Amino acid sequence: PSVTLPVSCILYQHKLTTEHNKNMMNNRRIYSVATLALTWVYMAAACYSFVIQPQSWDYKGHRIAYEEARRIYNGIPDDSDKDHAPILILNGFGVGSFHQHRVMPQLLAVENNDYMGNVETAKDGNNRVVYGVDYLGQGGSWPVDCDDGNSPNENGLIYSADTWVDQVIQFIEDVILPNHQGKNGEPCKIHLVGNSVGGHLSVVLAARRPDLIDSICLLNATPVWGLNLPGWSGHLPPPSIPRIIGRYLFDRIRDLNTIEKYLENAYANREAFSEELCNQIRGCTEGKGGHAAFASILFSPPAAFPWKEKDFYSNLSKLECDVLLMFGANDPWCKPSFARRMYDSLQQRQNSNDAVHRYIELDNVGHCPNHEAPQAVGEAVRRWAGSSQRHNSALTLVDGKEKVIEEPWGKIVMRELTGEEANMSFLDKLFTKLVG
């Protein structure tokens, strides 16, 4: 039988459990961790499943929540995943790695070209570990004993893009790399998959540490982050006026009705998100550190790139790694115009050792393809990460001119844009210049 997820021979058992994160109790907050327990994949006599394991790690004295997803073969972890470059998913703003629970199993799915009619071939095929990590001040990652920016553990802390990039770099070096090995004795590199601000951070990280990155996949990446508002550097504790501004705005955006309205705009299909997601997002805000964290985010500066150019697109054009753009065409904010400008910037790369860049557009998908089009994202990223030759002539990312994928909430149309299709129009150039 066919073994590409999803097919009729595959049984999904999405068993969502909610548990209190004990590490967060000292912070007087409860973090709801939605865990996908098992997905069974039947192939002949073999049985594949996957598990998502909540974990924690210490970053400069702060407890960081992360998750590790991997295949299980007949109830035993498949150790061959250590021989393949892992995937690290970077979240959008305001969520934790629970927002990746739909795409994680798709990234772990067994491809037809892994299986080839032989169980052992599948067992040793394109298998890798998928990680998700919560940024400090987001999801389940918070300083111990938060007190609205006034506690000793918060003193001097800034919730900026630079802080998050530094956190992710240390996470890669401390948690991921020690458990994986590169091929032929070479150092291991990872694949980054970033949504929204996670895409922005992926570009900064790949610019700063090209030695760590095999490729990046940008899912509706935002080209702008860091308002750098005047009057405060963003380092806690906040002064009176920034504190008042942060508290006022934070209390409004974390209202459940506001969260639902935001998601209605972010998603092309209202049925693609549930009340559970709204409650999970709200749950991330209920500790005593959220108001100060939001104020710090508002006043913090943009990330520092290693080159003299400061804008996102110029730095994107200097990346050495392969880049896959995947954009939901119905995003009201990070529109396809931004993807075309990113593609144009990548076309200008000169010193990138023949690095590859490709662009896939997803119709009937909004700002979060990882959550609204998990099958499409999973299929493309599996093929992308599983190949060392990523040029159009060597690797097919979309079968046919376009591919229709059925999700429970609607049909997703997946197509790769090349040549003139991916070129910027006059309006694209004008719009992206005005916005940044």
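The values are calculated or read from the model by the stated rules, or taken from the named source; none is laboratory data. Just so it is clear, the structure is predicted and the values come from calculations on it, not from any experiment. Neighbour counts are summed over all protein chains in view; Cβ atoms, including those assigned to glycine, are modelled from backbone coordinates with ideal geometry. Side chains are part of the model used for accessible areas, which takes the heavy atoms of the whole protein and leaves out ligands, DNA and RNA. Shrake-Rupley method; radii C 1.70, N 1.55, O 1.52, S 1.80 Å.
Using a Förster radius of 30 Å, what is the FRET efficiency between GLN348 and GLU286 based on their Cβ-Cβ separation? Nearest 0.05, please. Working shown, then result.
Working: r = 45 Å, r/R0 = 1.51.
With R0 = 30 Å, the Cβ-Cβ based efficiency is 0.10.
For the chain, modelled as a GNM whose springs connect Cα atoms under 10 angstrom apart, the maximal fluctuation among ARG270, ARG63, ARG208 occurs at ARG270. Working from the Cα coordinates of the range 175-330, the gyration tensor eigenvalues give, after taking √(5λ), semi-axes of 31, 22, 16 Å in decreasing order. Taking a 19 Å limit on the Cα-Cα distance, which of the listed pairs LYS335/LYS433; LYS82/LYS189; LYS403/LYS429; LYS335/LYS429; LYS261/LYS429 fall beyond it? Listed pairs above 19 Å: LYS403/LYS429; LYS261/LYS429.
In debye, nearest 20: dipole of the range 378-436 around its Cα centre with unit charges on the Cβ of K, R (+) and D, E (-)?
On the way: 9 positive and 9 negative charges, 37 e Å.
Magnitude of the dipole: close to 180 debye.
Simple spin-label estimate for ASP79 and LYS261 gives 5.6 nm between the two label positions (7 Å along the Cα-to-Cβ direction from each Cα). Structural descriptor for the chain: relative contact order 15 percent, calculated from alpha carbon pairs under 8 angstrom and at least 6 residues apart. Basic side chains Lys and Arg get +1 at the Cβ, acidic Asp and Glu get -1 at the Cβ, and with that the dipole of the chain about its Cα centre reaches some 700 debye. Along each principal axis, taking the top coordinate minus the bottom one, the Cα set of the range 148-262 gives 56, 36, 25 Å in descending order.
For ALA376, what charge total do you get from the other residues with a beta carbon under 12 Å from its beta carbon, if Lys and Arg give +1 and Asp and Glu give -1?
Values: positive: ARG102, ARG382, ARG383, LYS403, LYS411, ARG415; negative: GLU361, ASP363, GLU372, GLU379, ASP399, GLU402, GLU406, GLU407, GLU416.
Once all neighbours under 12 Å are counted, the net charge is -3.
For LYS82, the solvent-accessible surface with a 1.4 Å probe is about 90 Å², rounded to the nearest 10.
Given the chain reduced to its alpha-carbon atoms as identical point scatterers, what log10 I(q)/I(0) does the Debye formula return at q = 0.06, 0.07, 0.09, 0.14 Å⁻¹? Ignoring solvent entirely, the Cα scatterers give -0.23, -0.32, -0.54, -1.41.
Based on alpha carbons, the Rg and Dmax found for the range 343-436 are 14.8, 44 Å. Beta bridges assigned by DSSP with both partners in the chain are antiparallel in approximately 60 percent of cases.
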